[in-house]
Structure formats: structure tokens, C-alpha cells
Amino acid sequence: MKRPVILIFPSRKDDCTMMSVRYTDAIRCHGGVPLLIPMNTDEETLSEMIRSADGFLFSGGVDLDPVLYGEEKLNGTVEVDPVRDALEMTGMRLILKTDKPILGICRGIQSVNVGMGGTLYQDIPSQHPSDICHRQTAPATEPTHKVTVEEGTLLRSLLKKTVMTNSFHHQGVKDPAPGLCVAARAGDGMIEALESTTDRFILLVQWHPEFTHSTDPSSDALFSAFIKASRGDR
Ligand code: MN
């Protein structure tokens, strides 16, 4: 069976393109061929890469620059990377012209939401305070808060009505972009997953399933569905 090529938008540290092997392991273990997009990739090269890929993964990382959704930085907690933002926003514009599958993880849900025209809470503790801790101190393999999955969604076809997830975000989705709908929320109402309103496979989660892709059935299900969709087999 053909193995789908999954292009991954990575992190950056100084002049290095960075990526935890957890993402690439999860893609590989579920049958995909993971490829990283190097920082500074120009639009023409990116366009070639996107044409030859079967699916796209937007990974976790620092905050998006609020200027991308028409706001100024709220406070000093907002940490941005303009190089990464530029790569992802250019990539998104090209990817949205295709109908190939997209999986977003943590920053990835925020990135795709902003790229499609949505907005974010810049700092959950000051803009959406609650008793639920979205930035856990427990290890990432330990789920710490409950997420309720919306009935009738793609996500609900993959997961039970409620799942426990890990949580490492201080930003979150405020207004979903046109073309995206809420697929799951935490107990405080925080949006924890978005998906496409059309048949296109776009699945975006605020948690980090790559830490538990081989041990937790819910995490496994997300990667399995993404790779299956990228294979063109839905
Ligand atoms: Mn959370």
C-alpha cells in the first residue's frame, strides 16, 4: 500500500529547524512518511513540496503573532516567532488551495485557525480565567483535564463522548474561522478541537496526542484517521 507523505511544519531555534521525534515517530508508526519543511523555505519550493505531499501536520510551539488576527500583543506572556509564522502562513495559503488533509496539534490548531481567519485568546489566565489548568506541570504522558466531544462531528466518530487529555497551552481559540466548527471543549468552555465544516479532512486539537500515540487509543485514533485520509482512503 502506498505510504502517504506528510509534510510537517516544525519549530525553530536560532538558525536550526527543530522537531521532536514524537511527531515524526507518530506519523511513521501510523504508516506515513514524515518530512520536515526547513525554515526559510521560499514560496516556490514550498509550493513544490506541497504539490508532492499527501497531508500536512502543523505542530506545537510558540505563540502566533497577534498582528495576524488584527491585535496588538496583550502582555509579556506572548512569545512569537516571525520566521515560523511567515512559513506557516505562506504554506497555509497554498495548502488551502488543495483538498489534502490537515492535522493540527497545539499551536497547530491556533495556526490553522488564524490562517483561515479566526482569532485567539492571547493569554488564557487573563482573558479566560477558570479552575481548569491548561498548562499542566505533570508529565505530558499524563492526561489532566477532560474534553467533551461534540455530537455529529468527525472527531466524535473517532473518539468517545469524553476523553482525558494533556494540556500545555496558554493561548486558545476564541473565534473559529469560517469553514471550521467546534469539535470539542474543556469543562470551562475552552475550545479544545476544531474541524472542517466540509468533507475535507481538517482536524485540529489543542492537546498533544503525539506523546501517547502508542499507548492511548484516543491518540492513536487521531493519527490513524489522519494517515488514512492522507492515503485517500476515507
Ligand atoms: Mn486545555
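The values are calculated or read from the model by the stated rules, or taken from the named source; none is laboratory data. Since the structure is predicted, the reported quantities are computational estimates derived from the model, not experimental observations. Cβ atoms come from the backbone with ideal geometry, glycine included; neighbour counts cover every protein chain shown. Ligands, DNA and RNA are stripped out before the accessible areas are found, and what is left, the full protein with its side chains, is counted by its heavy atoms. Shrake-Rupley method; radii C 1.70, N 1.55, O 1.52, S 1.80 Å.
Here are the numbers for the structure shown:
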quantity: Peptide ranges 109-115, 14-20 listed from the most packed, as the mean C-beta count within 10 angstrom indicates; calculated: 109-115, 14-20
quantity: Accessible surface of the chain, 1.4 Å probe, proportion on carbon and sulfur as whole %; calculated: 52
quantity: Which of Pro178, Leu103, Ser167, positive extreme of dipole for the chain (C-beta unit charges); calculated: Leu103
quantity: Cβ crowding within 10 Å averaged over residues, with 121-132, 188-199, 87-98 ranked highest first; calculated: 188-199, 87-98, 121-132
quantity: Set Lys13/Lys100; Lys97/Lys228; Lys97/Lys160; Lys13/Lys174; Lys146/Lys174; Lys2/Lys161 screened for pairs whose C-alpha atoms are more than 23 Å apart; calculated: Lys13/Lys100; Lys97/Lys160; Lys13/Lys174; Lys2/Lys161
quantity: Interchain or long-range residues, amide H under 5 Å from Asp81's placed H; calculated: Asp65
quantity: Kyte-Doolittle mean at least 0.0, axial Cα span of 15 Å or more - DSSP H helices of the chain; calculated: 82-95, 217-230
quantity: Bins of 5 Å, starting at 0 and running to the largest distance - Cα pair percent for the chain; calculated: 1, 7, 15, 20, 22, 18, 11, 4, 1, 0
quantity: Charge tally in the Cβ shell below 12 Å around Gly61, where Lys, Arg are +1 and Asp, Glu are -1, Gly61 excluded; calculated: -1
quantity: Given charges at beta-carbon only (K, R positive; D, E negative), |dipole| of segment 35-190 in Debye; calculated: 620
